[in-house]
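J.: First the structure, which I've put down as structure tokens, then a few questions once you've had a look.
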Amino acid sequence: MSEDVGQESIPEALVRWFRGHHRELPWRREPTPYRVWVSEIMLQQTQVVTVLPYFARWMERFPTVEALAEAPLDDVLALWSGLGYYRRARTLHAAAQQVASTHGGELPGTLEGLLAIPGIGRYTAGAIASIAFGLRAPIVDGNVIRVYARLFGVEGDPTAAATQRRFWALAEELVPAEDPSAYNQAVMELGALVCTPRKPACLLCPVQGRCVAHATGRELELPSPKKAARRRPMHVAAAVVPHPDGGRLLLAQRPAEGLFGGLWELPGVEVSAEAEEVVAASQEALQRLLGAAGEVVGPPLGALEHTLSHIDLVVRPFAVRHVAPEAAAACWERTAWATLEEARGWGLSSIARRALDVAAGVL
Ligand code: SF4
């Protein structure tokens with residue numbers, strides 16, 4: 001049943017609910033600035049349940065800012081492997097080096113100081129400031145937007161600048177001086193557990209009596225839909241290049257910047273072709289690149305699909321035979337030979353990992 005807010009203010013009702021209903025999460029048990037920082041970066045665009053094992057492994061391997069700053073980037077990417085949006089890991093690593101060298105390994109305890117750290121935007125700064133330092137700082141993320149849009153009946157594309165300003169103004173106004181940490185976490189937790197996108201559990205909601213969307217039956221119409229992002233198709237032909245000595249496979253490292261920056265994968269080439277010609281064009285493009293270094297064998301071993309925020313990616317691995325190892329390795333900029341077991345311990349995107357599984361079948 002709903003819990004009537006009575007004379008309580010909205011923040012009081014939310015905090016009271018949070019104290020009784022929140023999930024026990026490792027970064028909540030010990031909310032140091034570093035742990036809150038890492039958890040918030042991991043939780044961007046990623047579900048809590050996915051983040052939990054990564055967070056545990058991360059804290060074991062990099063328990064402090066200094067430990068992270070001193071680690072090679074390859075180790076950091078390997079630990080992040082499979083979590084997606086790899087720029088987050090690279091930025092976290094670079095930021096840790098900055099915090100170690102200029103702040104003695106301690107995150108600054110002001111909003112302005114936090115905002116000066118690479119990769120810490122307004123949301124993350126607000127989360128660290130309020131949760132770890134107890135400062136009265138607002139936060140707005142996807143969960144907060146959904147709760148405020150419904151609770152206060154805020155219309156408009158939630159990604160538009162004017163609507164964003166409205167959400168930040170509400171957050172600023174509502175966050176209390178007393179226990180801003182509990183309040184900010186309460187709004188996010190309500191969005192995650194009760195005020196969910198498709199099935200809000202309004203009967204269990206501590207602010208049901210104040211909610212504009214609930215009063216007008218518009219829970220599912222708010223927040224207003226975002227303008228649909230358009231994704232472009234991207235076709236990649238990947239080469240499964242076994243070393244003639246047996247046991248090892250050619251891997252290539254992507255450039256540090258851009259899509260999957262710094263990660264390892266089967267060496268490949270992007271193919272642009274009409275849909276009906278893309279398979280033949282992929283084999284041709286790979287053969288052109290390899291020249292006399294190997295013979296590309298068709299048909300592809302599969303078509304692995306992966307949806308990114310702005311790209312519909314399809315990777316088609318092709319077996320390569322009659323390999324001239326030195327010439328083949330020279331076809332891409334940064335390459336290395338590795339056994340499957342070694343390669344699986346490197347920084348790989350989830351689609352590169354799936355491509356390796358396919359390659360395993362022909363080794
Ligand atoms: Fe969300 Fe329903 Fe609560 Fe309104 S009453 S804030 S729609 S859960």
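J.: I'm checking my understanding of the structure. Among residues of the stretch 246-270 that are among the charged types (D, E, K, R) and within 19 Å of Pro325 (Cβ to Cβ), which one is surrounded by the most Cβ atoms within 10 Å (Cβ to Cβ)?
T.: In this case the residue turns out to be Glu265.
J.: Now for a separate question. Could you check Glu173 against (1) of a type outside the set (A, V, I, L, M); (2) more than 26 Å from the chain's Cα centre (by Cα); (3) part of a loop (DSSP other than H, G, I, E, B) and say which number it fails?
T.: Every listed condition holds for Glu173 apart from (3).
J.: Please go through (1) surrounded by 15 or more Cβ atoms within 10 Å (Cβ to Cβ); (2) touching a Pro at 6+ places or on another chain (Cβ under 8 Å) for Ala89 and return the number of the only condition it doesn't satisfy.
T.: (2)
J.: If you take the residues of the stretch 207-238 that are under 30 Å from Gly268 (Cα atoms) and surrounded by 13 or more Cβ atoms within 10 Å (Cβ to Cβ), which of them is farthest from the ligand (Cβ to nearest atom)?
T.: Restricting to residues being under 30 Å from Gly268 (Cα atoms) and surrounded by 13 or more Cβ atoms within 10 Å (Cβ to Cβ), the top hit is Ala237.
J.: Would you please name the residue that is surrounded by the fewest Cβ atoms within 10 Å (Cβ to Cβ), looking only at residues in the stretch 187-206 that are in a loop (DSSP other than H, G, I, E, B) and within 10 Å of the ligand (Cβ to nearest atom)?
T.: Filtering the stretch 187-206 for residues that are in a loop (DSSP other than H, G, I, E, B) and within 10 Å of the ligand (Cβ to nearest atom), the one surrounded by the fewest Cβ atoms within 10 Å (Cβ to Cβ) comes out as Lys199.
J.: Could you give me the residue pairs with C-beta distances under 7 Å whose first residue belongs to the stretch 199-214 and is within 14 Å of Val187 (Cα to Cα), whose second residue is more than 8 Å from the ligand (Cβ to nearest atom) and part of a helix (DSSP H, G or I) wherever it lies, and which are 6+ apart or on separate chains?
T.: That search, which allows pairs on different chains as well, returns Pro206/Ala13; Pro206/Leu14; Pro206/Arg16; Pro206/Trp17; Val207/Ile10; Val207/Ala13; Val207/Leu14.
J.: Return yes when Glu173 is more than 21 Å from Gln45 (Cβ to Cβ), without any contact (Cβ under 8 Å) to a residue 12 or more places away in the chain and out of contact with any Gly (no Cβ under 8 Å at 6 or more places or on another chain) and no when it is not.
T.: Answer is yes for this residue.
J.: Same structure again: Looking at (1) of a type in the set (Phe, Trp, Tyr); (2) without any contact (Cβ under 8 Å) to a residue 24 or more places away in the chain; (3) in contact with a Lys or Arg (Cβ under 9 Å, 6 or more places away or on another chain), find the lone condition where Phe55 falls short.
T.: That leaves (2) as the condition not met.
J.: To continue, here is another question. For the stretch 17-47, give me each residue that is free of Cβ contacts under 8 Å to residues at least 40 places away in the same chain and under 15 Å from Gly121 (Cα atoms).
T.: Ser39, Leu43
J.: To continue, here is another question. Tell me, please, whether a residue that is in a helix (DSSP H, G or I), within 25 Å of Ser101 (Cβ to Cβ) and over 14 Å from the mean Cα position of the chain (by Cα) can be found in the stretch 38-53.
T.: no
J.: Now, a different point. Got at least one residue in the stretch 276-283 being out of contact with any Lys or Arg (no Cβ under 9 Å at 6 or more places or on another chain), farther than 25 Å from Gly156 by Cβ and buried (at least 22 other Cβ atoms within 10 Å of the Cβ)?
T.: no
J.: Condition first: modelled with pLDDT of 95 or more and out of contact with any Pro (no Cβ under 8 Å at 6 or more places or on another chain). Now tell me which residues in the stretch 1-11 satisfy that.
T.: Ser9, Ile10
J.: Condition first: surrounded by fewer than 18 Cβ atoms within 10 Å (Cβ to Cβ) and either within 15 Å of the ligand (Cβ to nearest atom) or on the phi < 0 side of the Ramachandran plot (or both). Now tell me which residues in the stretch 153-162 satisfy that.
T.: Listed by number, the residues that qualify are Gly153, Glu155, Asp157, Thr159, Ala160, Ala161, Ala162.
J.: From the set of residues in the stretch 123-141 that are outside any loop (DSSP other than H, G, I, E, B) and farther than 16 Å from Arg88 by Cβ, which is farthest from the ligand (Cβ to nearest atom)?
T.: Selected residue: Ala132.
J.: Inside the stretch 232-261, can you point out the residues that are outside any strand (DSSP E or B), touching a strand residue (DSSP E or B) at 6+ places or on another chain (Cβ under 7 Å) and within 14 Å of Ala352 (Cα to Cα)?
T.: Listed by number, the list holds a single entry, Arg254.
J.: Moving to a separate point now. Can you tell me which residue is nearest to the chain's Cα centre (by Cα) among those in the stretch 340-363 that are part of a loop (DSSP other than H, G, I, E, B) and within 16 Å of Gly247 (Cβ to Cβ)?
T.: My answer is Gly345.
J.: Hey, does the stretch 321-339 have a residue that's in a helix (DSSP H, G or I), in contact (Cβ under 8 Å) with a residue 24 or more places away in the chain, of a type in the set (Gly, Ala, Ser) and surrounded by fewer than 13 Cβ atoms within 10 Å (Cβ to Cβ)?
T.: no
J.: If you don't mind, there's one more thing I want to ask. Name the residue, out of Ala215, Ala228, Ala273, Ala238, that is under 30 Å from His22 (Cβ atoms) and not β-branched (Val, Ile, Thr).
T.: Ala215
The values are calculated or read from the model by the stated rules, or taken from the named source; none is laboratory data. Quick caveat, the model's predicted, so the values are computed rather than measured. Every residue, glycine as well, gets a Cβ built from its backbone with ideal geometry; the counts of neighbours run over all protein chains shown.
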